[in-house]
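Take a look at the structure below.
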Amino acid sequence: MNILGFNCFGHDSAAALIIDDEVVFAVEEERLNRKKHDGRIPVMGIAECLKYGNLKLSDIDHVTFFWKPSISYSKIPVFMLKYWDKLPQLLMEQKSFTVEENLGMLNYLGDMRKLPQTLERLFPESKKPKFKFHLLEHHLCHAASSFFSSEHEDAAIFTVDGAGEWTTCMLAHGRGNQINKLATVETPHSIGAFYQAISRHLGFKLISGPGKLMGLASYGNPDTPEYEMMKKLITFTSDGGFRLDMSYFCYHYTRKTGVTKKFENLFGPSKTEGKDWTEHELNVAAAAQHIIEDFFLHAAAYLKKKTNSENLCMAGGVALNSVANGLIAKSGLFKNIYIQPAAGDSGTTIGSALYLNHAILNRKRKFVMKTAFYGPSYNTNEYETELKKHTLPYLQSPLNYEFAAKKLAEGKILGWFQGKLEFGPRALGNRSIIASPTIETMKDTLNARVKFREGFRPFAAIVLEEDCGLYFDSDFPNPFMLMVYNVKPEMLGKLPGITHVDNSVRIQTVNKEENPEMHALLTAFKKETGYSVLINTSFNIKGEPIVCSPYDAIDSFERADMDYLVMGNYVVAKPGDEKSLDPLKA
C-alpha cells in the first residue's frame, strides 16, 4: 500500500510517502527549491518521494490532501452575511495576495478539486494513475500527524493554529484508530491569528513573526497593566476553548494589519519595522505570550478532566510555541507529551496519509515517529563532487569527533551536515550550526557573523538526554526541540551562549539511538570541557531555508563566517586555513 500525502496553496508546502503503514520519506518544498515558506504545489517534494520509493505516480494507491473545501464553502455564506461591509476590502486585497498570504485559501478552493488532474499533468506517464484522491479535514490531519505518529493507544489531542477551513482549535480524544472531537473553536476566533496579529503590531512580518515574538516576549514583563488589559480581550470557555473580542482585531478580513484602531488606541500605534521597541511594547509582547500560555494550560486542564488520559498529543502551528509547551510539561497534568517535529502545516502531509490509513482504511498501527530524519541524504561521491567545484581546503577522514570538540572548545563555529535532512522547521542535529555555549560573546557573534539576524533572538541548546537534568529544571525528553526549560540556578553564568534574558532555553535532547553522530560529538565535547551541551541553530542564513544538499551547505559556509564545515566524513576549512586540518592526517 503506497500513500502520498501533500499540502499546498498556503505556506510550507511539503510531501510525504507511506509504504505499508510506515512513513518512509517527508520533505518541505522550500528545502528543495530554496524559496522560504513556499506554498505552491510541491512538485519537487513529490518527485523526491517517488524517487525514494522507486515508484511512479501509477504505483500510488491513495493521494491525500490536508484541506476539505466543502467545509469552507458551507461557511462562506454565513461569513459574508456577518461581515458584508468588509467584503469589498477583502475581495480587493485577495486579488494581490501571494500564495502564502491568501486568506482562508479562498483563491484556491476550486483548484483543490482539480488536483488529481494537475498531478497527472505534472507527472505524465504512459500508464494512467490508479490512485484515489482524498480531501481531508485540516485539523483532523493535524491531530493524526501527532496521535498516529505516537506510541500511544489512548491520548488527549490538542490542535491549534491560525485556521484550517473554519476551525482554529480542536480538542479531541484519540483511541486506537479513531479520533473523536470533543470541542472546536471556529473562525474568526483564533489564538494563532491573535498571536500573529500582535507580532504584526510589533513590526514583524507575516508568517515569520510569531517565532520572533516568542523570543522578544522574554524581554518584557507579563505582570503589568498591558497583560491585565490584554486579558480582557479573551474569554476562556467551559469546553476548553476561548472567545476573542473581535472589535480589536481585523485579521479575518485583511492582511494589511492584524489589529484595529480600537486596539491601537489601547496599546499604541502599530510599528512598521521590528526594532527599537519601548518598554511598553516589550510588555505587550510578554502579555501576548502569557495569553498563549494561559490558554494552553486551560485547554490541557479541560482535556485531562474530559479524557483522564496520561498522554497528550499536540499539533498545529501554535504547538511550535515551545515556551507554552514547556509549561504543560512542568504542570504534571500529563505523564507523556508528544509533539511531532513538523507540527505546522508541513506535518499535515504525514497526518493526512496516516488519517486515511488508520481512521478510514482501518489498517493496523505500527509506525512510531522517533526521529525527524525523513528527508534526502547524500553519499561520499556527492560530497566529493561538490567540494571539487570549490577552492576550499578539505580532508576526508573517519569523522573525528575529538577534532570537532577541540575546535568548538576554542570558540570556533561549525556547520554540521550529516545523514538525512530533518522534517519540520527546526534543525535537529543533521543540518545545524553548532558552537560552544560556555563563551560569553558567542550569542552575539553567531547573530552578527553567521546568521545575520536580530540580536535579541536566542539560540537553542542540544544536550545529551541523560544529562539534561544536570543543567536544566526539567529532564523531560525533548528530541524535537519543542519545549523550553530554565537553566538551573547553579548553572547560571556557565552557559551564557544558550541562556536567554529570562534564564530560559529551548532544549533538544539527544540519545544514541536517535542520532549517534551528534551523541558522539556531545560526548567528545563533554570530555573536552566537562559540558555535554552545545548551541544548536539551523544551518541557514537569514531569509533562506535550512540547507538541504551539499551544494547548499558549501554555499552557506562560504558566505557566512563559520570556521569549519563537517559534512559526512569530510572536514572543510576556509581558504588559507589548510594547516588547521593537519591533526586529521594522523
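The values are calculated or read from the model by the stated rules, or taken from the named source; none is laboratory data. Note that the structure is a prediction, hence the values are computed from the model and not measured. Here the Cβ is made from the backbone with ideal geometry for all residues, glycine too, and neighbour counts use every protein chain on show.
From the list ASP21, ASP12, ASP85, the one residue that fits, being over 30 Å from LYS542 (Cβ atoms), crowded, with 16+ Cβ neighbours inside 10 Å and among the charged types (D, E, K, R), is ASP21. If you go through region 233-270 one residue at a time, how many are hydrophobic (A, V, I, L, M, F, W, C) and under 20 Å from HIS298 (Cβ atoms)? The total comes to 7. Flag: ALA163 does not match the condition of being among the hydrophobic types (A, V, I, L, M, F, W, C), out of contact with any helix residue (DSSP H, G or I) (no Cβ under 8 Å at 6 or more places or on another chain) and either at pLDDT 95 or above or under 30 Å from THR257 (Cβ atoms) (or both). Flag not set for TYR302, criterion: of a type outside the set (Val, Ile, Thr) and more than 19 Å from VAL318 (Cα to Cα). Has region 115-137 got any residue that is among the hydroxyl-bearing types (Ser, Thr, Tyr), in the same structural domain as PRO69 (by TED's automatic domain parsing), over 22 Å from the mean Cα position of the chain (by Cα) and assigned to a loop (DSSP other than H, G, I, E, B)? Yes - at least one qualifying residue is present in region 115-137. Going by the conditions given, is TYR394 more than 19 Å from the chain's Cα centre (by Cα), aromatic (Phe, Trp, Tyr) and not assigned by TED's automatic domain parsing to the domain that holds ALA285? For TYR394, the condition - more than 19 Å from the chain's Cα centre (by Cα), aromatic (Phe, Trp, Tyr) and not assigned by TED's automatic domain parsing to the domain that holds ALA285 - is met. Of the helices (runs of 4 or more DSSP H) lying entirely inside region 182-293, those containing at least 2 residues that are within 22 Å of the chain's Cα centre (by Cα), farther than 24 Å from GLU165 by Cβ and at pLDDT below 95 are 209-216. The residue pairs whose first member lies in region 185-196 and is within 15 Å of ASN321 (Cα to Cα), whose second member is assigned to a helix (DSSP H, G or I) and of a type in the set (A, V, I, L, M), and whose beta carbons are closer than 7 Å, counting only pairs six or more residues apart or on different chains, are ILE191/ILE292; ILE191/VAL318; GLY192/VAL318; TYR195/LEU213; TYR195/ALA288; TYR195/ILE292; TYR195/VAL318. Being within 27 Å of the chain's Cα centre (by Cα) and not assigned by TED's automatic domain parsing to the domain that holds HIS252 is a property that LEU109 has.
Report yes if some residue within region 201-213 is surrounded by fewer than 22 Cβ atoms within 10 Å (Cβ to Cβ), among the β-branched types (Val, Ile, Thr) and in contact (Cβ under 8 Å) with a residue 40 or more places away in the chain; otherwise report no.
yes
Pairing residues of region 538-555 that are in a loop (DSSP other than H, G, I, E, B) with residues that are among the β-branched types (Val, Ile, Thr) and buried (at least 17 other Cβ atoms within 10 Å of the Cβ), at Cβ distances under 7 Å and at least 6 apart in sequence or on separate chains, gives PHE539/ILE433; PHE539/ILE546; PHE539/VAL547; ASN540/ILE546; ASN540/VAL547. Listed by position, the helices (runs of 4 or more DSSP H) inside region 1-103 whose residues that are closer than 20 Å to ALA343 by Cα and touching a Leu at 6+ places or on another chain (Cβ under 9 Å) number at least 2 are 43-53.
Just so you know, in region 401-451 the residues that are among the polar types (S, T, N, Q) and closer than 14 Å to ILE498 by Cβ include one that is modelled with the lowest pLDDT, and it is ASN447. Only one of the listed residues (HIS500, HIS519) is out of contact with any Pro (no Cβ under 7 Å at 6 or more places or on another chain) and of a type outside the set (Asp, Glu). That residue is HIS519.
Can SER432 be described as of a type in the set (Gly, Ala, Ser), farther than 20 Å from ASP555 by Cβ, crowded, with 23+ Cβ neighbours inside 10 Å and in contact (Cβ under 8 Å) with a residue 60 or more places away in the chain? Criteria not met by SER432.
Here's the yes/no breakdown for (1) among the charged types (D, E, K, R); (2) in the same structural domain as GLY455 (by TED's automatic domain parsing); (3) surrounded by 17 or more Cβ atoms within 10 Å (Cβ to Cβ):
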| position | (1), (2), (3) |
| --- | --- |
| THR168 | no, no, yes |
| LEU171 | no, no, yes |
| GLN178 | no, no, no |
| ILE198 | no, no, yes |
| GLU228 | yes, no, no |
| THR254 | no, no, no |
| GLY258 | no, no, yes |
| GLU273 | yes, no, no |
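Of all the listed residues (ASN486, ASN447), the sole one being farther than 26 Å from ASN400 by Cβ, touching a residue at least 12 places away in the same chain (Cβ under 8 Å) and among the polar types (S, T, N, Q) is ASN486. Being part of a loop (DSSP other than H, G, I, E, B) and among the small types (Gly, Ala, Ser) is the requirement here; does SER432 meet it? Answer is no for this residue.
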